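Have a look at the structure below, then the notes.
The values are calculated or read from the model by the stated rules, or taken from the named source; none is laboratory data. Note that the coordinates shown come from a computational prediction; the quantities given were computed from them, not determined experimentally. For neighbour counting, all protein chains shown are included, and Cβ atoms are generated from backbone atoms with ideal geometry for every residue, glycine included. To get the accessible areas, we keep the full protein, side chains included, count just its heavy atoms, and leave off ligands, DNA and RNA. Shrake-Rupley method; radii C 1.70, N 1.55, O 1.52, S 1.80 Å.
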Amino acid sequence: MAVILVTGGAGYIGAHTCKALAAAGHRPVVYDNLRTGWRDAVKYGPLIEGDLLDRANLAAAFDEVRPAAVIHFAALSIVGESVTEPELYWRNNVVGTLNLLTAMHHAKVRRIVFSSTAAVYGENQGAAMSEDAPTRPNNTYGATKLAIEAMLADFAVAHAMRYVVFRYFNVAGADPEAELGEAHVPETHLIPRLLQAAARGEAVRIFGDDYITADGTCIRDYVHVHDIATAHSIACELLSTAGESLTLNLGTGHGQSVRQVLDCVREVTGAELPAQVEARREGDAPVLVCDASRAAEAVGWRPTRSDLRTIVGDAWTWHRGPGFEA
């Protein structure tokens, strides 16, 4: 059994990954300031409350836990907010990660799995993007994640660290056993926003219907959070061997428009969900679709629950349950 320190492990993807790690026989220890995470989501190992900007507390956590590896989720991730408050994102995401990597170096922890994003690619012409696509982020959130990827490469050279970087596309859904789900305050992600509106009998907002796509709305590659969590567990096993550092996309290779997601939610929930079109959000790319073939080849990862109907169905089951209490 390996002890894995999971920064941001009280958050959406982090909590699901902790469940996957525990199922694989590991001991996940969550390090989280609970600013956006949920105490009730920490179910599979202990919680250390702390902020990555607190270097003394971070060093003490490494001394206490002595992890074999780190999985790093902790970050601010609202695209629009990152554009209007860049200083907040550069400090929290980049400086926080620098503190983490420095603490790892001092504690002689050499393995890390990093939660990056498809936002590092910026806008594209609609083709499924491989890891070799140009990285031109068009918002501050994506820029901070790309900067961290460069930082990881430097620490790997200087301090013999090995890493797996996962560039996620749109993570959605909920734990198939309904123990965990997606909840943000405020909620900015499409599928939970639609499900909340369906549960309340409210109308929904669509941000932009004038993109150069078939129905005018943004197209995204939706991947089930259960499949994402499984990828992190696989990466921990890979790094325990002599494997090389990797940067991998995680997605399905298939895009769904906002209107297609809206139609699926209507079908699953039975709600009418009238839609009101509003202006585009700054920083949103028209199309983000993934080529995940390298993840399949390198680590044997293939999504098993990432068809849209399963994603929405699992999320709806969780949303009708008790949810989280802060």
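Here Gly9 fulfils each of the conditions (1) touching a strand residue (DSSP E or B) at 6+ places or on another chain (Cβ under 6 Å); (2) without any contact (Cβ under 8 Å) to a residue 40 or more places away in the chain apart from (2). Can you find even one residue in region 249-257 that is over 21 Å from Ser130 (Cα atoms) and surrounded by 19 or more Cβ atoms within 10 Å (Cβ to Cβ)? There is no residue in region 249-257 that is over 21 Å from Ser130 (Cα atoms) and surrounded by 19 or more Cβ atoms within 10 Å (Cβ to Cβ).
Looking only at residues in region 281-306 that are surrounded by 15 or more Cβ atoms within 10 Å (Cβ to Cβ) and among the charged types (D, E, K, R), the one that is farthest from the chain's Cα centre (by Cα) is Arg294.
Being at negative phi, touching a residue at least 60 places away in the same chain (Cβ under 8 Å), assigned to a helix (DSSP H, G or I) and hydroxyl-bearing (Ser, Thr, Tyr) is the requirement here; does Thr230 meet it? For Thr230, the condition - at negative phi, touching a residue at least 60 places away in the same chain (Cβ under 8 Å), assigned to a helix (DSSP H, G or I) and hydroxyl-bearing (Ser, Thr, Tyr) - is met. Restricting region 196-211 to residues that are loosely packed, with under 14 Cβ neighbours inside 10 Å and of a type in the set (A, V, I, L, M, F, W, C) leaves a set whose member that is farthest from Ala275 (Cα to Cα) is Ala199.
A count restricted to region 161-213 and to residues that are among the aliphatic types (A, V, I, L, M) and assigned to a loop (DSSP other than H, G, I, E, B) stands at 8.
Just one residue in the set Leu34, Leu21 is outside any helix (DSSP H, G or I) and surrounded by 16 or more Cβ atoms within 10 Å (Cβ to Cβ); that residue is Leu34. Screening region 40-70 for residues that are closer than 30 Å to Asp284 by Cβ and of a type outside the set (Gly, Ala, Ser) and picking the one that is surrounded by the most Cβ atoms within 10 Å (Cβ to Cβ) gives Leu52. Just give me the residues in region 37-70 being within 17 Å of Ala107 (Cβ to Cβ), among the basic types (Lys, Arg) and part of a loop (DSSP other than H, G, I, E, B), in sequence order. Of everything in region 37-70, just one residue is within 17 Å of Ala107 (Cβ to Cβ), among the basic types (Lys, Arg) and part of a loop (DSSP other than H, G, I, E, B), namely Arg66. Pairing residues of region 264-278 that are on the phi > 0 side of the Ramachandran plot and touching a residue at least 24 places away in the same chain (Cβ under 8 Å) with residues that are among the hydrophobic types (A, V, I, L, M, F, W, C) and surrounded by 11 or more Cβ atoms within 10 Å (Cβ to Cβ), at Cβ distances under 7 Å and at least 6 apart in sequence or on separate chains, gives Leu273/Leu194; Leu273/Ala197; Leu273/Ala198; Leu273/Val204; Leu273/Leu262; Leu273/Val265. Consider region 172-195 and keep the residues that are acidic (Asp, Glu) and modelled with pLDDT under 95. The one that is most open to solvent (accessible area, probe 1.4 Å) is Glu187.
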